[in-house]
Amino acid sequence: MEPSKAPEQFLKPYNAIEHEDTLYRMWEKSGYFNPDKLPGNRKESFCIIMPPPNANGSLHAGHALFVTLEDIMTRFARMDGKKALWLPGADHAGFETQVVYEKKLEKEGRSRFDMNSEDLYKEILDFTLANKSYMEGQLRALGASCDWSREVFTLDDKVIKTVYDTFKKLSDDKLLYRGSRIVNWCPKHQTSLSNLETTRQNRTDKFYYLKYGPFTIATARPETKFGDKYVVMHPDDARYAEYKDGQQFELEWINGNITATVVKDESIDMSFGSGVMTITPWHDATDFEIAQRHHLPYEQIIDWRGKLLPIAGEFAGMNIKDARGKIIEKLQAKGLVEKIDEAYAHEVPVCYKCEREIEPQIKAQWFVKMKPLAEKALDVVENNHVKILTENHEKIFKHWLGDIQDWNISRQIVWGIPIPAKICDSCNDGFVDIDDTATKCPKCGGAVRKDPDTFDTWFSSGQWPFATLGYPDGQDFKTFYPTTVMETMYDILFFWVARMIMLGIYRTSEIPFKYVYLHGMVRDAKGLKMSKSKGNVINPLDVSKEYGTDALRMGLVVGNTPGTDLNLDPRKIGAYKKFANKLWNIARWVLESCEATGATLTENDTAALKEFRALAAEITADLEGFRFHLASEKIYHYIWHTFADKLIEESKPIFTNGTQADKDSRSSLLIEIFSDSLKLLHPFMPFVTEAIWQSLPWKKDADILMVAPWPRYTDQ
RNA sequence: GCACCCUUAGCUCAGUUGGUUAGAGCGUUCGAUUCACAUUCGAAAGGUCGCAGGUUCGAAUCCUGCAGGGUGCACCA
C-alpha cells in the first residue's frame, strides 16, 4: 500500500467549524468581495443591494435564507467574470426598532413617555449600533461574500441627504402635501401608521340597533356617537323618500335633545342594516369623506389615548371599551335601544405590532400623492423592464398599484430621520425647510416651529438602491445602477419593493433593478410560523455550528422555489451535512488515486465528460434563470450518485487491473470533473468546496476557488 | 366585496416552454459491505398528479366548472 497522497486533514471527517472562520478570513483578506479588486478585466457589472437587516435583534432563519440566495447569485456572477458587487447595509428600522426598544423599556419598568426625546434617541442609537456590529459578525458566519468596505447604514449622512433631496423634490413637484386627514392612529404606540402597517382581525362584537329620531341606526361603536348630528341615507332609497336633503328634526339622544340634519349620499349601501347611518367624521374614513363632500363640521370624540373627551358628558375621561356598556345601559333606560345582535362578525383594523384596534383620527400629516408614481411603476412592470418572480406576485403587485392611496409619511416617533419641515403656529400649515433656516410662515408670516415628526422608515428605505450607490455623481452609481437583482421576502413587496421602484424611477428616471426575486417565509418542520412564544425558532447560527454553514445553506435552497414558504426540517440539514462529508471523502479518494497526466481520454471517458458538461450547462442555465432549487439539487445528485456511485466505483477495477492508457484517461477524467464540480457547487456550499480546493495540487485556474472561472464549454 | 395562489408517494416538496414507463429528500422493507465515507452501496414497496368536463396525436402541465385549503387588498355603518 502506497503512503497516502491526500493531506492529513482528509483522514478524519469534515468538521465545518474547523474551517469556516479561517476560510472567511482568507476570502475577506483577498479583497475579492470588492469588485474593484477582482482579477481580470471585467466589463459586465452585477449588483445586489442587500436588504439591510433591522439592527434591532439577531439574525433569524429568514436572514439565513436571504444571505444564502444572494450569496449564491453573487458568487456565481463573480466566478462568471462579472464585476460583482453585493452591497451590505443595516437598517435603523424606525418604528420596528422603537417598538422593540419600548418592550425592553417596559421590562425595565420604564416608559418612553417619561423620557425626553434626546435621551430616548441616544439610547436607541446605542442599542442599534451594538446590534448592528453583532449582526455583521453573524452575516460573516453565514458566508456572505459582500463588500464590507461599502457598507451603508440608513442613518448615514449621505443617505439622509438623499432622502431630504427627495422630500424637497416631491414638494417642488406638487407630489407632497400636508393635510388634515383621517390617519391610522395606534393608541398604544402614539403614532399614525400607513395602511400597510395595519392588519385586519376578525372580531365578534355586539351590534346595536339604536333609535335615532324616526330612524334606526346600527353600530358596533356606540361610544363614537356623541357628536353625530347628521343622518345619512341613499338618495334613491324609497323607504326614506319623504325625508329631504337638509331637513332637520329634533331627537332625544345619549346626553339629551339634539337637532339632526338629513343628508343624502350615494355611498350608502341600502342593503346594509337599515340603510341609514349617522356619521362620525373624526373617527371614520367613510364618514370623513361624506362630511367633506357635504362640507359638514367634525369634532373629535376620542382622545389620542383612547379616552372620551368632554363632549361625552358624564362619560368623559372613560376608556372607550369601558364606556360602551354604560352608554348602552343609559340608552336602554331611555328606551332608545331597539335590539342588540349578540354576535356580529366583522373585521377591524389593528396595529400590526401590538394588535390593538386602530383608532382613526384626523391629524395633520405629510402625504405623498401616489397615483402619478404608481402609474410609471405599473408601466415598467407591464413592459417587463422589471421582472418579478414569481408571476403570482407580479399579479398581486399590479393589483395593489392599481388601487393605491396616498402615503402618510409622518410618524410620531423619535427613532427615525427627522422631517425637515416647519409648521406654522398661526395657520397650522407646514412647509419644507431642508436647511432649517426659515423663521416665518411664508403664507401668513406667523411664527414657525420644527416639525417634531420623523419619516416613515420605508420612505428612506424606498430610496436605498440609489442612495447607497452615491446618486447622482458617484462612480458606483454609474457602474452599478440600475442594479441587477433585488432579492427579498414577499411580505415587503408593497412596503419596500414597490416604493423602491416608484421612488427610484422618480429620482433617477431609471428602474432601480432588473429582477425582483421574492423568497418565501421560513417555517418550522411542521409548517408553523416560527415565533418566540411557540418556542419553535430555529437560530441559524446554532444550526450552522451543529451541521455546518454549507449544510444549512443547502437545506435552505434545495427544493425551495421562489415565492413559496419553506418548512425547514433539521433532518434535511443533517442530510446535507452528510453530503459535505461525502464530498470530503470523495476529495480524499481522488487525491489518493488520481494523477494529473493530461492524457487523452478514452471513448468511454469522453462520453462521461460530455455527460457531465451537458449537466454543467443545465446548471448554469438554472442559475441564470434563478432556479436555484433545481441547480443545487442537480449538482448534489450528480456528485453523489454519478460521480461517486458510478464513476469512482467503476474506476476502482480500472486502477487495479486496467491498462496504463485506461488508468491515465480515468485519472484525467476524474480530476477534470471533480475540479469543475467543486466550481459548480461553490456558490451553494462555499466553505467545504474552498477547503478542498485549497488542498488540490492541480488547481491551475485560480488560487482561490471563489474567483475560479465558471465552467463554460464552447465545444458543446 | 375585489384580486391571487395552492391541492402530485406515509411526510415535506420538485416537475423550467404540454412529449416516451411522474421525480427527490426523509420514512418503510430486504440484502451487502466496513477495502474514500462518525458509514456507505444495491434493491424493493408506495401515486387513477383534489373532483368533473373540454382542447390536443399526446395534459400533472392549457381552458371551463366544482370542492377543500391559503394569501393579498378594501372605508361597509
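At-a-glance table
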read-out: The range A:421-494, relative contact order [Cα under 8 Å, separation at least 6], %; value: 21 percent
read-out: Under the Karplus curve 6.51 cos²θ - 1.76 cosθ + 1.60, θ = phi - 60°, whole-Hz ³J(HN,Hα) for the range A:44-58, x wherever Gly or Pro sits; value: 6, 9, 9, 8, 10, 8, 5, x, x, x, 5, 7, 9, x, 9
read-out: Where only alpha carbons of the range A:256-406 are counted, the Rg and the Dmax (Å); value: 20.9, 66
read-out: Gyration tensor (alpha-carbon) shape descriptor, the range A:273-337, a/c threshold 1.5; value: oblate
read-out: Globularity index of the range A:621-716, i.e. its alpha-carbon radius of gyration over 2.2 N^0.38 Å; value: 1.17
read-out: Residues with amide H under 5 Å from that of A:ILE388, placed H, sequence gap 5 or more; value: A:VAL516
read-out: Among beta bridges that DSSP assigns inside chain A, antiparallel share in %, nearest 5; value: 70 percent
read-out: Relative contact order (percent, whole number), chain A, Cα cutoff 8 Å, 6+ residue spacing; value: 16 percent
read-out: Equivalent-ellipsoid semi-axes of chain A, from the Cα gyration tensor, Å, largest first; value: 62, 27, 23
read-out: Rg/Rh (Cα only; Kirkwood hydrodynamic radius) as it applies to the range A:492-602; value: 1.19
read-out: Gyration tensor verdict on the range A:450-502 (Cα atoms; rounded if a/c is under 1.5, prolate if a/b is larger than b/c, oblate otherwise); value: oblate
read-out: Amide H contacts of A:ILE301 (H built 1.01 Å from N, under 5 Å, at least 5 apart or other chain); value: none
read-out: Estimated vicinal HN-Hα couplings, Hz - the range A:130-137 in sequence order (Karplus 6.51, -1.76, 1.60; Gly, Pro = x); value: 5, 4, 4, 6, 4, 5, 4, x
read-out: In sequence order, calculated HN-Hα J values of the range A:110-126 (Karplus, 6.51, -1.76, 1.60; Hz; x Gly/Pro); value: 10, 8, 5, 6, 9, 10, 7, 5, 5, 5, 4, 4, 4, 4, 5, 4, 4
read-out: Neighbour-limited loop hits for trypsin sites (Lys or Arg not before Pro), the range A:43-88 (at most 10 other Cβ within 10 Å; DSSP other than H, G, I, E, B); value: A:LYS43
read-out: Loop-resident sites, the range A:233-295, for chymotrypsin sites (Phe, Trp or Tyr not before Pro), counting at most 16 other Cβ within 10 Å (DSSP); value: A:PHE272
read-out: Two-decimal ratio, the range A:153-216, of alpha-carbon radius of gyration to 2.2 N^0.38 Å; value: 1.93
read-out: Cα Rg, Dmax (largest Cα-Cα span) when computed across the range A:235-290, Å; value: 12.1, 32
read-out: Between 0 and 90°, nearest 10: helix A:391-402 axis offset from chain A longest Cα axis; value: 30 degrees
read-out: Loop GluC sites (Glu not before Pro), the range A:37-124 (other Cβ atoms within 10 Å of the site Cβ: 15 or fewer; DSSP); value: A:GLU44, A:GLU108
read-out: Radius of gyration, Dmax [the range A:527-667; alpha carbons; angstrom]; value: 19.2, 66
read-out: Sum of -39500 (n - 2.57) over DSSP H runs of 4+, divided by residues of chain A (222 nm, nearest 500); value: -12000 deg cm²/dmol
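Each reported figure results from applying straightforward, stated rules to the coordinates on display, with no laboratory input. What you are looking at is a predicted structure, and each value in this text was computed from that prediction instead of being measured. Virtual Cβ from ideal backbone geometry, glycine too; neighbours counted across all protein chains shown.
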